[in-house]
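Below is one structure, written out as structure tokens; comments come after it.
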Amino acid sequence: MNNFEYKQAEDVATAVNLINKQDNTKFLAGGTNLLDLWKYNITNPSGLVDINRIHGLAEIEELPNGGVRLGANFKNADTAYHPIIENKYPLLSKAILAGASAQIRNMASNGGNLLQRTRCYYFYDPDVPCNKRNPGSGCPAKEGYNRIHAILGTSDHCIAVFPSDMCVALAALDALVNVEGPEGKRTIAFANFHRLPADRPDLDNNLEPGELITSIDLPDKGFAQNYSYLKLRDRHSYAFALVSVATALELDGDRIKDARIALGGVAHKPWRSTEAENFLMGKSANEFNFAAAADIILRDAKGYGHNDFKIALAKKAIIRNGLMALNPQSQLPGAKPSA
Ligand code: SF4
């Protein structure tokens with residue numbers, strides 16, 4: 001490990017000022033991904049700005065518009081088990097609890113969850129090329145072992161997936177990300193926060209240099225009646241999604257008034273298709289229509305060999321999760337899905 005300078009910030013303005021004073025400085029919150037990357041020699045910061053003491057970032061607050069503001073430093077576990085989240089945004093609670101391990105969720109911050117980096121095997125091996133780690137060096141995953149890689153939104157430069165579960169639910173809920181940087185404060189729609197790789201896979205998101213996530217806003221609409229988060233993975237705990245689906249429905253009888261479907265494990269960002277969601281509006285909530293929506297979502301899906309199975313798996317997951325959203329009780333441990 002390299003030598004580095006460690007500083008603590010007591011407020012956001014100081015943190016932003018410190019991070020912009022010195023190149024190659026990182027914010028430190030929970031550190032659950034940053035320290036991994038450091039140990040693997042993927043990142044070597046020359047400075048850390050510890051933001052854990054900043055007042056107001058580790059809180060949860062109800063907003064006048066009926067929504068909820070999650071502080072960036074509020075822990076993933078505290079978020080998932082908070083009564084407001086459990087009752088009003090159970091989709092988010094369930095997605096968070098599907099991620100990582102209890103120990104990691106206790107340490108990981110909400111802001112950090114958005115900033116975690118891909119778990120592509122090649123990205124974590126500094127002895128091989130990787131366009132995300134070393135732009136212009138190549139992407140061995142395309143022709144290599146790509147079982148966990150993306151099927152949607154890929155580019156010739158990178159086929160990595162974004163690994164978060166929490167963010168799949170935040171995408172479905174149309175969350176907003178509040179940030180503060182050298183140019184002031186701004187709010188980013190969740191759909192625009194993460195990037196597709198295109199020709200800059202080294203950039204995971206649309207934060208400007210030196211910007212700090214301060215909070216995440218959840219809209220009033222929490223879809224607490226009909227929701228489901230389904231995560232398919234190689235083992236039941238402490239594994240990243242091969243495919244995950246967050247489904248949120250608003251129903252009028254058996255008709256769909258509003259639908260959100262977000263996918264994880266399939267792209268460089270949580271994946272949504274407004275075309276598929278619009279298709280479902282006014283239709284019956286049934287297997288046939290969820291299958292048609294899945295076909296729209298996966299129309300342009302492309303496998304790279306080892307991950308070809310994800311296309312069929314994603315279709316089945318979208319259908320199954322749509323049906324599970326009709327009966328959220330089916331998601332309780334040990335309960336069987338309704339289809
Ligand atoms: Fe690197 Fe992306 Fe290729 Fe993985 S998929 S090796 S992260 S460029």
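The values are calculated or read from the model by the stated rules, or taken from the named source; none is laboratory data. Since we're looking at a predicted model, the values are computed, not measured. Note: ideal-geometry Cβ built from the backbone for every residue, glycine included; neighbour counts use all protein chains shown.
Quick notes on this structure:
- Of all residues in the stretch 82-129 being more than 10 Å from the ligand (Cβ to nearest atom), of a type outside the set (S, T, N, Q) and part of a loop (DSSP other than H, G, I, E, B), the one that is farthest from residue 330 (Cα to Cα): 127
- Whichever residue in the stretch 269-317 is of a type in the set (Val, Ile, Thr) and out of contact with any Leu (no Cβ under 9 Å at 6 or more places or on another chain) and, among such residues, is surrounded by the fewest Cβ atoms within 10 Å (Cβ to Cβ): 274
- Identity of the residue in the stretch 130-175, within 16 Å of the ligand (Cβ to nearest atom) and among the β-branched types (Val, Ile, Thr), that ends up farthest from residue 44 (Cα to Cα): 151
- Any hit, the stretch 187-199, residues being charged (D, E, K, R) and within 16 Å of the ligand (Cβ to nearest atom): yes
- Qualifying residue in the stretch 40-60 (condition: of a type in the set (Phe, Trp, Tyr), loosely packed, with under 15 Cβ neighbours inside 10 Å and part of a loop (DSSP other than H, G, I, E, B)): yes
- Taking the listed residues 313, 326, 263, the one that is over 29 Å from residue 149 (Cα atoms) and in contact (Cβ under 8 Å) with a residue 60 or more places away in the chain is 326, with no other qualifying.
- From the list 230, 249, 203, the lone residue that is in contact with a Pro (Cβ under 9 Å, 6 or more places away or on another chain) and assigned to a strand (DSSP E or B) is 230.
- Residue within the stretch 76-93 that is free of Cβ contacts under 8 Å to residues at least 40 places away in the same chain and under 20 Å from residue 180 (Cβ atoms) present: no
- Of all residues in the stretch 307-339, those satisfying the criterion of being at pLDDT 95 or above, within 23 Å of the chain's Cα centre (by Cα) and part of a loop (DSSP other than H, G, I, E, B) are 307, 308.
- Check on residue 201, at pLDDT 95 or above and surrounded by 24 or more Cβ atoms within 10 Å (Cβ to Cβ): yes
- Among the conditions (1) surrounded by fewer than 22 Cβ atoms within 10 Å (Cβ to Cβ); (2) more than 11 Å from the ligand (Cβ to nearest atom); (3) assigned to a loop (DSSP other than H, G, I, E, B), residue 178 misses just one, which is (3).
- Failed item, numbered, when residue 43 is tested on (1) of a type in the set (Val, Ile, Thr); (2) touching a residue at least 24 places away in the same chain (Cβ under 8 Å); (3) in contact with a Lys or Arg (Cβ under 9 Å, 6 or more places away or on another chain): (2)
- Among the residues of the stretch 262-285, those that are hydrophobic (A, V, I, L, M, F, W, C) and either within 20 Å of residue 95 (Cβ to Cβ) or assigned to a helix (DSSP H, G or I) (or both) comprise 262, 263, 266, 267, 271, 276, 279, 280.
- All conditions but one from (1) more than 16 Å from the ligand (Cβ to nearest atom); (2) among the hydrophobic types (A, V, I, L, M, F, W, C); (3) not in a strand (DSSP E or B) apply to residue 240; the one that does not is (1).
- The single condition from (1) more than 16 Å from the ligand (Cβ to nearest atom); (2) under 18 Å from the mean Cα position of the chain (by Cα) that residue 210 fails is (2).
Okay, residues lined up against (1) without any contact (Cβ under 8 Å) to a residue 40 or more places away in the chain; (2) farther than 23 Å from residue 97 by Cα; (3) not acidic (Asp, Glu):
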| site | (1), (2), (3) |
| --- | --- |
| 171 | no, no, yes |
| 175 | no, no, yes |
| 180 | no, yes, no |
| 189 | yes, yes, yes |
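- For first residues located in the stretch 131-143 and in a loop (DSSP other than H, G, I, E, B), partners that are hydroxyl-bearing (Ser, Thr, Tyr) and near the ligand (Cβ under 9 Å from one of its atoms) and lie 6+ apart or on another chain with Cβ distances below 7 Å form the pairs 131/137; 132/118; 140/122; 141/122.
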